[in-house]
Amino acid sequence: MAQLDIVDVGHSYVPAADQEEWALKPLRLTFEAGRTYALVGPSGCGKTTLLNILSGLVRPSHGRVLFDGVDVTGRPTRDRNIAQVFQFPVVYRSMTVYQNLAFPLECRRWDRSRIDATVRRVAEALDLTDRLRQPARGLTADDKQLISLGRGLVRDDVAGVLMDEPLTVIDPQLKHSLRRKIREITEEFRPTVIYVTHDQYEAMSIAQEVLVMKDGRAVQQGTPEQLFEAPASTYVGYFIGSPAMNFVTVEHGRGACTLGGRPLAMAWDVPGHAEGVQAGIRPEYVKVVTEAGPNTFPVRLRGVRDHGPQRVLDVELAGQSLKAKVPREDGIPGTRDFLLQLPRARTLPYADGRLVLRS
Ligand SMILES: Nc1ncnc2c1ncn2[C@@H]1O[C@H](COP(=O)(O)OP(=O)(O)OP(=O)(O)O)[C@@H](O)[C@H]1O
């Protein structure tokens, strides 16, 4: 598995377009060998363009692509030694599951015993062992996509595995277990994976590193935990997490902040000159309390939504909307008006949409 570098890579589908209009603005990234990366962002943000530049399907207007330090920018896909998994399964219908998994290895002229051991290991990881002798023809779309995933991951000699929304066709019920399987198999086989998805939950559950994109730019890269705990911008805070992070506008002056006229202390200070100050807090960290104390605020309940083992309380706080995600067993407050606490350490300051740096 290789380290993939993109060095000042940018792309415009329209010749001579202004750089601000490019589908991908020049950026520099390193995908370390053996790690799984997710590219996530809304439709049209440039994820597929970046993936296609890595696969060689798109030649970038600007910059270089390096695989283990070797410049592959001008190489076609077939000469890049990559595996690809697409939205829709690509299987050989006339072959058995075993033959489908073995095929890429036979093409590389691996010896029989190595092929057999590898196919069985991948089949085991994907729960396909009991179907190895079945013809691929009769399988469901889910199982066919499982084979595509297996074929993508079966070779340990590829530079990288590029996956473009591979769970799109998968039954929603099965997605959960498949996400887990992808995670397990990538942890075991340690390929370099670039995984494109518009689903933040999928990105966070599969990848070790997530790259959030917007308008052709990578706006934040980090581990799922970093993106959850400290989004660099309100955009990332809204995009990552379910429900999205809360952002409430606060009054700010002489180094202190207030919310609805009550003092609000945040995790660190906001410089005096900052403008457009907001407090960001994940719904998971908002607490229902019974007694007034630091950072507690009166709120009015507007609605309650079930969220699996939790409930999301939608409240109004000083004329603004806020969500609290609380354990189901805690119940719903008995009155419409109650108190919420925004724990200081979890309340992050943002100014003009960006996380204020800790001084
Ligand atoms: N072949 C093309 N010709 C012209 N413009 C294109 C082409 N492919 C993509 N674009 C444009 O480039 C921008 C980025 O598209 P891209 O497909 O990379 O985004 P994406 O994040 O993968 O979106 P999606 O999730 O919808 O696939 C979009 O504005 C899109 O319209």
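The values are calculated or read from the model by the stated rules, or taken from the named source; none is laboratory data. Note that the structure is predicted; figures quoted are calculated from it, not measured. Neighbour counts are summed over all protein chains in view; Cβ atoms, including those assigned to glycine, are modelled from backbone coordinates with ideal geometry. To get the accessible areas, we keep the full protein, side chains included, count just its heavy atoms, and leave off ligands, DNA and RNA. Shrake-Rupley method; radii C 1.70, N 1.55, O 1.52, S 1.80 Å.
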Among residues of region 206-230, those that are over 13 Å from the mean Cα position of the chain (by Cα) and more than 20 Å from Gly46 (Cα to Cα), counted: 2
Working only within region 110-139, note down all residues that are farther than 25 Å from Glu187 by Cβ, open to solvent by 60 Å² or more (accessible area, probe 1.4 Å) and touching a Lys or Arg at 6+ places or on another chain (Cβ under 8 Å). Arg137
Given the condition among the small types (Gly, Ala, Ser), farther than 30 Å from Asp8 by Cβ, open to solvent by 50 Å² or more (accessible area, probe 1.4 Å) and in contact (Cβ under 8 Å) with a residue 24 or more places away in the chain, answer yes or no: does some residue in region 292-309 qualify? yes
Among (1) open to solvent by 50 Å² or more (accessible area, probe 1.4 Å); (2) within 23 Å of Tyr201 (Cα to Cα); (3) of a type in the set (S, T, N, Q); (4) out of contact with any strand residue (DSSP E or B) (no Cβ under 9 Å at 6 or more places or on another chain), Ser177 falls short only on (1)
Does Ala324 satisfy being under 21 Å from Ala274 (Cβ atoms), in contact (Cβ under 8 Å) with a residue 40 or more places away in the chain and open to solvent by less than 80 Å² (accessible area, probe 1.4 Å)? no
Of those in region 171-189 that are touching a Ser or Thr at 6+ places or on another chain (Cβ under 9 Å) and charged (D, E, K, R), the residue nearest to the ligand (Cβ to nearest atom) is Arg179
Output the residues belonging to region 203-237 that are in a loop (DSSP other than H, G, I, E, B) and within 24 Å of Glu188 (Cα to Cα). Ala207, Gln208, Thr223
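Quick grid of which residues meet (1) within 25 Å of the chain's Cα centre (by Cα); (2) of a type outside the set (Val, Ile, Thr); (3) assigned to a loop (DSSP other than H, G, I, E, B):
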{"site": "Val248", "(1), (2), (3)": "yes, no, no"}
{"site": "His252", "(1), (2), (3)": "no, yes, no"}
{"site": "Trp268", "(1), (2), (3)": "no, yes, yes"}
{"site": "Gly280", "(1), (2), (3)": "yes, yes, no"}
Inside region 1-32, the number of residues satisfying the requirement of being surrounded by fewer than 16 Cβ atoms within 10 Å (Cβ to Cβ) and in contact with a Ser or Thr (Cβ under 6 Å, 6 or more places away or on another chain) is 0
If you take the residues in region 59-80 that are away from the ligand (no atom under 15 Å from the Cβ) and in a loop (DSSP other than H, G, I, E, B), which one is surrounded by the fewest Cβ atoms within 10 Å (Cβ to Cβ)? Gly69
Step by step: first the residues of region 39-58, then only those that are in a loop (DSSP other than H, G, I, E, B) and within 12 Å of the ligand (Cβ to nearest atom), then the one that is surrounded by the fewest Cβ atoms within 10 Å (Cβ to Cβ). Which residue is that? Ser43
Just to be sure I understand, how many residues within region 120-155 are part of a loop (DSSP other than H, G, I, E, B) and over 24 Å from the mean Cα position of the chain (by Cα)? 8
When you scan region 103-132, how many residues do you find that are aromatic (Phe, Trp, Tyr) and under 14 Å from Arg151 (Cα atoms)? 1
Name the residue, out of Thr168, Thr197, that is open to solvent by 10 Å² or more (accessible area, probe 1.4 Å), of a type in the set (Val, Ile, Thr), within 14 Å of the ligand (Cβ to nearest atom) and touching a residue at least 40 places away in the same chain (Cβ under 8 Å). Thr168
If you take the residues in region 86-99 that are in a helix (DSSP H, G or I) and open to solvent by less than 60 Å² (accessible area, probe 1.4 Å), which one is farthest from Ile170 (Cα to Cα)? Tyr98
Could you list, in sequence order, the residues of region 331-350 that are outside any loop (DSSP other than H, G, I, E, B), within 14 Å of Trp268 (Cβ to Cβ) and open to solvent by less than 20 Å² (accessible area, probe 1.4 Å)? Leu348, Pro349, Tyr350
Being open to solvent by 20 Å² or more (accessible area, probe 1.4 Å), within 16 Å of the ligand (Cβ to nearest atom) and either at pLDDT 95 or above or among the hydrophobic types (A, V, I, L, M, F, W, C) (or both), is that true of even one residue in region 205-214? yes
Here the qualifying pairs (Cβ atoms under 9 Å; residues six or more apart or on different chains; first in region 52-63 and more than 13 Å from Arg80 (Cβ to Cβ); second part of a helix (DSSP H, G or I) and within 12 Å of the ligand (Cβ to nearest atom)) come out as Pro60/Thr49; Pro60/Ile53; Gly63/Ile53
Which listed residue, of Ala17, Ala83, Ala102, is outside any strand (DSSP E or B) and more than 12 Å from the ligand (Cβ to nearest atom): Ala102
